[in-house]
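Trainee: Handing you a structure now.
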């Protein structure tokens, strides 16, 4: 008995020592239809690694019928019902069928935003696009994108961060792009075929269900093995980079089969159609959600500013995660390999990437097994909720940043003894990308006077925890402090007053002097006193120097007169304090009260703040030409940019 | 311990901690990895390990693995592959003290062989094998097996200590392998042994102790409505979710509906319960009525609508359509429209067309309906 049991044990040892599938150096199975290769069916288990069982070290998830999120993964039908519920029950959600799969299933895109296409100030809104479920076996991704959907809708009236996003950005989501493949993978939650080192079909299906012989779908039965290796890799089918750099295959059985021609697959066309909901011209962000690896894999077109913005954005988003993601850009100018991220990076000039969510290594990151590297596609049920929240945090921060940089748009100073308004000014929209400053009141502030300063911005600048305290957004530095606020008197030496230390962000409505303007924490207030000892004998100009960063570490638009927008892969009209256009911004010095020895004095001529008045350092000499006629065009661009600050700066104000 | 075993074990011990791999990490292509493990040397070593495992010789097997972990004559791929396979074999045989010690040392081993698993991972490689993770799996497997054996004996003796022990371990760590072992013992136990555990499990669950999995096993085996009720009132989300389809299978229709009604009150499982009630409602009028009534409860209304839609029955579609025509509020209209939208029955489409023609509803709702009908 013991010998027989031993024999059975030997025969049932984990995996055949000599596997029937032949895998080449590129990872391709070269004999997919051979007996003992394609017709082998594996079963994922918690603990049993015998025979054709593959142990994970945790229970393999089975899809759950639930519309609301669970500690696990919802079946496609429930996800779809949830999406349709959010669409039907909320005015802020629109949706449409953007395509049909080969099996005739609808592919839906949803857009979350208010009814108009303008920001709360009236400027054109930007848009963001996120794709999920493009690879069938990556179950994390429909859940993560659905979490974004659910959270935006749930917070739409929060008077703060979420309401701001809904009212000032259009968010387009495709929660499940490869509907056919995803349904197939869910139909076989514990089974895969072929080889432990490269499992295919069932739970491990990656591609869509395109049958290359009939141009219809393959069947849904994984025991009919002749079609188990077929399908098109939807992340190799876009035209940008199609067939290039050995990044895809022309073999129909390959994991990275690119299809017969670019954009041949309905799912890829559906995603491109979804982009039109932005609308396309307003897109500023694209992310294709995948698993696994914890990477931001970004194409890099030949656009320096775009690439720098993409990197900075990714790094802020990575910081918002509780896990160690990395930024992995392509070499600059390489054309891509036909991914959807290539399509949007090159075609739309917007920050774009393949976002590989967790885990980093595989199931062993959660106390499970490596399972030949593939356990990373099978996230344990117990990790699903945390994963959703972690990816959500990253996406929301990215949306917030790409909605546009902050601008200081209103200021008020009141005498705290008399409650009289001494200074009141606000920037209001005056054109499609312009604001005009209206100064409603400008009375003299006198030494010895006590005042309350109130400043408002065009977006919520902070968030709060459940206890109501201002906290940093995960991984970002701006906390409760309001940052640099300086009452400058440029014509006086050594008498500027730092005000930021006592400032507080405002989370009650009502506007100046104690409430926010439109959204919680879009304004702060600080009480201050002008020292008796300020040496003024006549009306003297002052400037409010504002050096805030928003919660995603973006600096202020230094010139609110021109509203920031996006174009050609970079920010437009995002100036620093000197009025120079760029992608970093700076400080704001647009609010200019004055002080005088006596109340009732007339305002003097305005003065620039110190930072705007200081000449920039001399530009470095241009690099030498590389020889030959014409030299390097990039040198000329650098030279032009170097001269721009001098040409455009007079009295700290940007030239019209 | 025989002389041979002692010799191997002594040699393994003198090598000290087994955690440091002999090779630096490197990324290997799949073909190379496959060739390495198929070569005769690796195959021969694998056969030796299998033979030791077949004989239940845990100490020798573990000692052999520790030697492999330091064998510089092996390629890294062969080394890691053999460790992984040998450790999996160890998980299936009874451990010895020496084997536990060796596996504990192997548990801190870091991966050295990486591969590119997914073509979209760029330059990011993932471990092809992770012997340290497998060693930790082995330790958990042994702990689970030990717990199962102890619990089996207690169950056979009519003792309830396993219930107390389960509750205690669940508080400390809900992924503790002891919990799995005790649950396995319950799963495999005959009914008469489980009957003696029912009072203890019910009492513990009612007091808020985390004996969820044990309760579900008993609830299913005894088709116990009271125990299902306790589960839905007290258990954690994973067990509550797992219990939903089990309740439908195990209980009669009336009892199942009562149990699922309790589950529907949970914020974390209410939607799942409503969808399951929808399955029951295929044949149970009381379940259908429950769903219609639930449309008035904001927390579960959307799930109730979806559940009604999933019944896909012309009589239900007509009933929903009738209510839609008489709806007084936009919220009510939207829920009923959602139910029809998710209803694959042709009658549902007819009802939506009737609604569209009525001109009722907000502009947004009318737009959505027109869009659906146009597909």
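Trainee: Checking residue A:4 against (1) more than 8 Å from chain B (Cβ to nearest Cβ); (2) at pLDDT below 95; (3) buried (at least 19 other Cβ atoms within 10 Å of the Cβ); (4) over 26 Å from residue A:256 (Cα atoms): exactly one of these is not met. Which one?
Mentor: (3)
Trainee: Quick check, is residue B:7 modelled with pLDDT of 95 or more and away from every other protein chain (no Cβ under 14 Å)?
Mentor: Details: modelled with pLDDT of 95 or more: no; away from every other protein chain (no Cβ under 14 Å): yes.
No: the conditions fail for residue B:7.
Conditions tested, residue by residue: (1) within 12 Å of chain A (Cβ to nearest Cβ); (2) touching a residue at least 40 places away in the same chain (Cβ under 8 Å); (3) within 28 Å of the chain's Cα centre (by Cα); (4) under 23 Å from residue B:315 (Cβ atoms).
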residue	(1), (2), (3), (4)
B:255	no, no, yes, no
B:258	no, no, yes, no
B:265	no, no, yes, no
B:269	yes, no, yes, no
B:279	yes, no, yes, yes
B:285	no, no, no, yes
B:294	no, no, no, yes
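Trainee: Among the numbered conditions (1) under 30 Å from residue A:158 (Cα atoms); (2) outside any loop (DSSP other than H, G, I, E, B), tell me where residue A:43 comes up short.
Mentor: Here residue A:43 meets the rest and fails (1).
Trainee: Go through the residues of the range A:134-151 one by one and say whether even a single one is within 22 Å of residue A:269 (Cα to Cα), surrounded by fewer than 22 Cβ atoms within 10 Å (Cβ to Cβ) and in contact (Cβ under 8 Å) with a residue 60 or more places away in the chain.
Mentor: no
Trainee: Sticking with this one: Given A:315, A:294, which one is closer than 30 Å to residue A:366 by Cβ, surrounded by 17 or more Cβ atoms within 10 Å (Cβ to Cβ) and modelled with pLDDT of 95 or more?
Mentor: Selected residue: A:294, the only one of A:315, A:294 that is closer than 30 Å to residue A:366 by Cβ, surrounded by 17 or more Cβ atoms within 10 Å (Cβ to Cβ) and modelled with pLDDT of 95 or more.
Trainee: Would you confirm, using the coordinates I've provided, whether residue A:43 is more than 8 Å from every other protein chain (Cβ to nearest Cβ), in contact (Cβ under 8 Å) with a residue 12 or more places away in the chain and under 16 Å from residue A:192 (Cβ atoms)?
Mentor: When the stated conditions are applied, residue A:43 passes them.
Trainee: So which of B:87, B:159 is at pLDDT 95 or above and buried (at least 21 other Cβ atoms within 10 Å of the Cβ)?
Mentor: Criteria check complete, one pass: B:87.
Trainee: Here is a follow-up. Taking residue B:51, is it more than 9 Å from chain A (Cβ to nearest Cβ), on the phi < 0 side of the Ramachandran plot, modelled with pLDDT of 95 or more and part of a helix (DSSP H, G or I)?
Mentor: No.
Trainee: Let me ask something else. Just checking, which of B:329, B:303, B:317 is more than 12 Å from every other protein chain (Cβ to nearest Cβ) and either crowded, with 18+ Cβ neighbours inside 10 Å or touching a residue at least 40 places away in the same chain (Cβ under 8 Å) (or both)?
Mentor: B:317
Trainee: Quick one: would you say residue B:201 is under 19 Å from residue B:160 (Cα atoms), in contact with a helix residue (DSSP H, G or I) (Cβ under 8 Å, 6 or more places away or on another chain) and part of a helix (DSSP H, G or I)?
Mentor: Working: under 19 Å from residue B:160 (Cα atoms): yes; in contact with a helix residue (DSSP H, G or I) (Cβ under 8 Å, 6 or more places away or on another chain): yes; part of a helix (DSSP H, G or I): yes.
For residue B:201, the condition - under 19 Å from residue B:160 (Cα atoms), in contact with a helix residue (DSSP H, G or I) (Cβ under 8 Å, 6 or more places away or on another chain) and part of a helix (DSSP H, G or I) - is met.
Trainee: Quick one: is residue B:56 closer than 21 Å to residue A:55 by Cβ and surrounded by fewer than 19 Cβ atoms within 10 Å (Cβ to Cβ)?
Mentor: Judged against the criteria, residue B:56 is a match.
Trainee: Now for a separate question. Looking only at the range A:111-156, count how many residues are closer than 23 Å to residue A:81 by Cα and in contact with a helix residue (DSSP H, G or I) (Cβ under 8 Å, 6 or more places away or on another chain).
Mentor: 29
Trainee: Residue B:356 passes all but one of (1) part of a helix (DSSP H, G or I); (2) under 40 Å from the mean Cα position of the chain (by Cα); (3) surrounded by 15 or more Cβ atoms within 10 Å (Cβ to Cβ); which number fails?
Mentor: (2)
Trainee: Could you go through the range B:146-153 and let me know if any residue there is under 25 Å from the mean Cα position of the chain (by Cα) and within 11 Å of another protein chain (Cβ to nearest Cβ). Before the answer, list the steps.
Mentor: Within the range B:146-153, the first condition is being under 25 Å from the mean Cα position of the chain (by Cα), and the residues that meet it are B:146-152.
This time we only want the ones that are within 11 Å of another protein chain (Cβ to nearest Cβ), so: none.
No, that holds for no residue.
Trainee: To continue, here is another question. Filter the range B:351-371 for residues that are within 11 Å of chain A (Cβ to nearest Cβ) and within 15 Å of residue B:338 (Cα to Cα) and give the result.
Mentor: Once the filter is applied, which keeps residues that are within 11 Å of chain A (Cβ to nearest Cβ) and within 15 Å of residue B:338 (Cα to Cα), the range B:351-371 yields B:361, B:362, B:364, B:365, B:367, B:368, B:369, B:371.
Trainee: Further question: Taking the range A:7-36 as the region of interest, how many residues are modelled with pLDDT under 60, part of a loop (DSSP other than H, G, I, E, B) and more than 9 Å from chain B (Cβ to nearest Cβ)?
Mentor: So the answer is 2.
Trainee: Now a separate question. Restricting attention to the range A:56-77, which residues are facing another protein chain (nearest Cβ under 7 Å) and over 26 Å from the mean Cα position of the chain (by Cα)?
Mentor: Across the range A:56-77, the qualifying residues are A:57, A:64, A:65, A:66.
Trainee: Out of the residues in the range B:240-253 meeting the condition of being in contact with a helix residue (DSSP H, G or I) (Cβ under 7 Å, 6 or more places away or on another chain) and more than 10 Å from chain A (Cβ to nearest Cβ), tell me which one is surrounded by the most Cβ atoms within 10 Å (Cβ to Cβ).
Mentor: B:247
Trainee: So which of A:299, A:329 is under 24 Å from residue A:377 (Cα atoms) and without any contact (Cβ under 8 Å) to a residue 40 or more places away in the chain?
Mentor: Details: A:299 fails: without any contact (Cβ under 8 Å) to a residue 40 or more places away in the chain.
Residue meeting the stated conditions: A:329.
Trainee: Shifting gears a bit: Quickly run through the range A:78-109 and pick out the residues that are in contact (Cβ under 8 Å) with a residue 60 or more places away in the chain, within 9 Å of another protein chain (Cβ to nearest Cβ) and part of a helix (DSSP H, G or I).
Mentor: A:80, A:82, A:86
Trainee: Identify the single condition in (1) touching a helix residue (DSSP H, G or I) at 6+ places or on another chain (Cβ under 8 Å); (2) surrounded by fewer than 24 Cβ atoms within 10 Å (Cβ to Cβ); (3) over 25 Å from residue B:130 (Cβ atoms) that residue A:346 does not satisfy, given that it satisfies every other one.
Mentor: The number of the failed condition is (1).
Yes/no per residue for (1) over 27 Å from residue A:114 (Cα atoms); (2) more than 9 Å from chain A (Cβ to nearest Cβ); (3) surrounded by 14 or more Cβ atoms within 10 Å (Cβ to Cβ):
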{"residue": "B:323", "(1), (2), (3)": "yes, yes, yes"}
{"residue": "B:341", "(1), (2), (3)": "no, no, yes"}
{"residue": "B:345", "(1), (2), (3)": "yes, yes, yes"}
{"residue": "B:373", "(1), (2), (3)": "no, yes, no"}
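Trainee: So residue A:157 passes all but one of these: (1) away from chain B (no Cβ under 14 Å); (2) touching a residue at least 40 places away in the same chain (Cβ under 8 Å). Which condition number does it fail?
Mentor: Failing condition for residue A:157: (2).
Trainee: Follow-up question, since we're still on this one. Sort out which residues of the range A:168-205 are surrounded by fewer than 22 Cβ atoms within 10 Å (Cβ to Cβ) and assigned to a strand (DSSP E or B), and write them in order of number.
Mentor: The answer is A:191, and nothing else.
The values are calculated or read from the model by the stated rules, or taken from the named source; none is laboratory data. Given the structure is predicted, the values throughout are model-derived calculations rather than measurements. Because the Cβ atoms are built from the backbone with ideal geometry, glycine has one as well, and the counts that use them run over all protein chains shown.
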